[in-house]
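Worksheet for the structure shown next.
No lab work stands behind these numbers, since they all come straight from the coordinates. Since this is a predicted model, take the numbers as computed values, not measurements. Reconstructed Cβ throughout: ideal geometry from the backbone, glycine too, with neighbour counts over all protein chains shown.
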Amino acid sequence: MATLKELSYLRAVAAAAGCTMAKPEPDDGIDWVVSHASERHEADCQIDLKIQLKSTWTSGPDPSNGFVSVNLSNDRLKLLARKRVTVHRILVAMIIPEDIAAWVEATHDIFKLRHCAYWRSVTGVEPSGENSTAVRVPTAHIFDDNALCGIMERIGKGDAP
């Protein structure tokens, strides 16, 4: 289940990208479904994307490392990694500070959340651990409104995220 920190970040990104969000009920192992409507979409005028949110503070933001690592249960990974899907799925990994009091900063000019989130499609990734798998998410894939718009545009053309 997504934490309020992850949810706040996702809501801000989705709103900035012109998307709506829905929570699957009952929980089927996917945290949120993000939707975007546009006549420019070729596959369908309404595009959906399933999102699994994970946060970590054990892996600090180090873009030079090339990735952040989050643990997924093997069952969750298998759900996200399915190759034949009608609705694409991505993993969004959010780096948060260990000291949650340092997460938000607000001034008269800016409202800032410390660190950011990264995304990746895990389609075809096989579990490697006994019960869980450390999944690497590239730091080159910052999850923001521009990235979400690009993902939705690719899906709208019938491509993968």
Scan of the range 143-157 for residues that are more than 14 Å from Ser38 (Cα to Cα) and loosely packed, with under 15 Cβ neighbours inside 10 Å, ordered by number
Asn146
Taking into account only those residues within the range 104-137 that are surrounded by 11 or more Cβ atoms within 10 Å (Cβ to Cβ) and among the charged types (D, E, K, R), which is farthest from Lys78 (Cα to Cα)?
Arg114
Inter-residue pairs, beta-carbon under 8 Å, first free of Cβ contacts under 8 Å to residues at least 24 places away in the same chain and in the range 107-126, second of a type in the set (A, V, I, L, M, F, W, C), 6+ apart
Phe111/Val104; Lys112/Val104; Lys112/Ala106; Arg114/Ile96; Arg114/Ala102; Arg114/Trp103; Arg114/Val104
Hey, any hits in the range 86-100 for a residue that's surrounded by fewer than 17 Cβ atoms within 10 Å (Cβ to Cβ) and closer than 21 Å to Trp32 by Cα?
yes
Is it true that some residue in the range 92-103 is under 23 Å from Gly156 (Cβ atoms) and assigned to a loop (DSSP other than H, G, I, E, B)?
no
